[in-house]
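K.L.:
The following block contains the structure, expressed as structure tokens.
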Amino acid sequence: MADSDQENEIPHHFEGVEKLMEVWFTKTDRGKLCDLRKIPRKKIEGLLHLVKCEVISFASNDYLDAYVLSESSLFVSKRRFILKTCGTTTPLLCLQPLLILVNKYAGFDQIEDVFYSRKNYKRPELQLLPHRNFEEEVNLLDNFFPDGVAYSMGAINRDCWYLYTLNPPSGAKGRVCGIQEPDQTLEILMTHLDPKIMSIFTQEVCKSGEEATIKSGIDRIIPNAVINEHLFEPCGYSMNGIFKNGSYMTIHITPEAEFSYVSFETNYSQTSYKEIILRVLETFLPGKFVLTFMANKTSVGNGTHGEVERMVALKEWLRLDSQFCRFQNYDLTYAFFTKFPS
């Protein structure tokens, strides 16, 4: 996706699969006004240097700061930090420095919840420490979080999805009660994409990110987002869309036919996500995709778990696998779909 020396490698490969780290913070003494957006921009850029990526563009509103990165995206709100990076980036290496910055500048002194997730890599041998395998990532996270738990969803020898989160025993001494405000995240991770659609995200076809957004129909997936996008040289695309209420959507595209990959993610609140899911699929026409949906107990989207369970087929896509997992404060649905044999 990003402009880099990796383009000179033979054979060329870019790992579109992202590592997604989401951290929620809280304060023991609720009296102090805390905000992650108080962390200075230079300090944010220093964190990203450790991760091996940089800021390309920035947008914000009253609730959210959104960064398009050389390798995917960063979202910072009052008490949530979301870092999503592809390629051979190392997001877990910024965790310790992040905690220091949060305490110093933002005023929070406790982690309320953590989510680290990713799909399986296409070329895991190209990754750097500590991201060469999930066990390595879990070992690092366990050093920070004694109540951390790790899961693998789907077929481990094919398309699967890994998750690390906090799941302390109910009533555990000193445990944070969990995120009480409504929260949900939908991800659609797509492979074997339609070559004609992928060509839109090359500079041979489009001259700007905005042109690619309109030509592909990305702007119509969830209307009314303020979109900030970037078209890479010679190919690749990233976008952040932010909404007035602080919700976000983000899309990242690796269009090369040998390892094509598209990710879609949003926390936009809906009672049903079927229409959004179908718009995403019709926009990109993947051969295969992994769908994950997580929601806490107060989310209006909780009916989506049953909705996905009933999705035996979505137009030309057949569900091959579905799993459900219940944590102390969140429920998770994982599903894997592939196109009908033609």
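The values are calculated or read from the model by the stated rules, or taken from the named source; none is laboratory data. Just so it is clear, the structure is predicted and the values come from calculations on it, not from any experiment. Positions of Cβ are backbone-derived with ideal geometry, glycine not excepted, and every protein chain shown enters the neighbour counts. Heads up: the accessible areas ignore ligands, DNA and RNA and are worked out on the full protein's heavy atoms, side chains in. Shrake-Rupley method; radii C 1.70, N 1.55, O 1.52, S 1.80 Å.
Rundown of residues vs (1) farther than 26 Å from Gln270 by Cβ; (2) polar (S, T, N, Q), yes/no style:
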residue: Pro182; (1), (2): no, no
residue: Glu187; (1), (2): no, no
residue: Met190; (1), (2): no, no
residue: Lys196; (1), (2): yes, no
residue: Ile200; (1), (2): yes, no
residue: Ser208; (1), (2): yes, yes
residue: Ala212; (1), (2): no, no
residue: Asp219; (1), (2): no, no
residue: Ile222; (1), (2): no, no
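K.L.:
Being assigned to a helix (DSSP H, G or I), open to solvent by 10 Å² or more (accessible area, probe 1.4 Å), acidic (Asp, Glu) and closer than 22 Å to Phe259 by Cβ, is that true of even one residue in the stretch 2-16?
P.N.:
Yes.
K.L.:
Based on what the data block shows, is Phe145 within 17 Å of Leu83 (Cβ to Cβ), free of Cβ contacts under 8 Å to residues at least 40 places away in the same chain and over 18 Å from the mean Cα position of the chain (by Cα)?
P.N.:
yes
K.L.:
Go through Val312, Val300 for me and flag whichever is open to solvent by 70 Å² or more (accessible area, probe 1.4 Å), free of Cβ contacts under 8 Å to residues at least 24 places away in the same chain and more than 19 Å from the chain's Cα centre (by Cα).
P.N.:
Checking each option against the conditions leaves just Val312.
K.L.:
Please indicate, with yes or no, whether at least one residue in the stretch 247-261 is within 20 Å of Arg80 (Cα to Cα) and part of a loop (DSSP other than H, G, I, E, B).
P.N.:
yes
K.L.:
Let me ask something additional. In this structure, does Ser269 turn out to be open to solvent by less than 60 Å² (accessible area, probe 1.4 Å) and part of a loop (DSSP other than H, G, I, E, B)?
P.N.:
Considered against the rule, which asks whether it is open to solvent by less than 60 Å² (accessible area, probe 1.4 Å) and part of a loop (DSSP other than H, G, I, E, B), Ser269 comes out as yes.
K.L.:
Let me ask you something else. Quick one: in the stretch 206-219, which of the residues that are surrounded by fewer than 20 Cβ atoms within 10 Å (Cβ to Cβ) and in contact with a helix residue (DSSP H, G or I) (Cβ under 7 Å, 6 or more places away or on another chain) is farthest from Lys274 (Cα to Cα)?
P.N.:
Lys215
K.L.:
Filter the stretch 74-103 for residues that are farther than 18 Å from Asp183 by Cβ and not hydrophobic (A, V, I, L, M, F, W, C) and give the result.
P.N.:
Thr85, Gly87, Thr88, Thr89, Thr90, Pro91, Gln96, Pro97, Asn103, listed by residue number.
K.L.:
I'd like to check something: does the stretch 238-251 contain any residue that is open to solvent by 20 Å² or more (accessible area, probe 1.4 Å), modelled with pLDDT of 95 or more, among the basic types (Lys, Arg) and within 24 Å of Ser60 (Cα to Cα)?
P.N.:
Yes.
K.L.:
Then there's this: Name the single residue that is farthest from Gly178 (Cα to Cα) among those in the stretch 24-73 being among the hydroxyl-bearing types (Ser, Thr, Tyr) and not in a loop (DSSP other than H, G, I, E, B).
P.N.:
Selected residue: Ser57.
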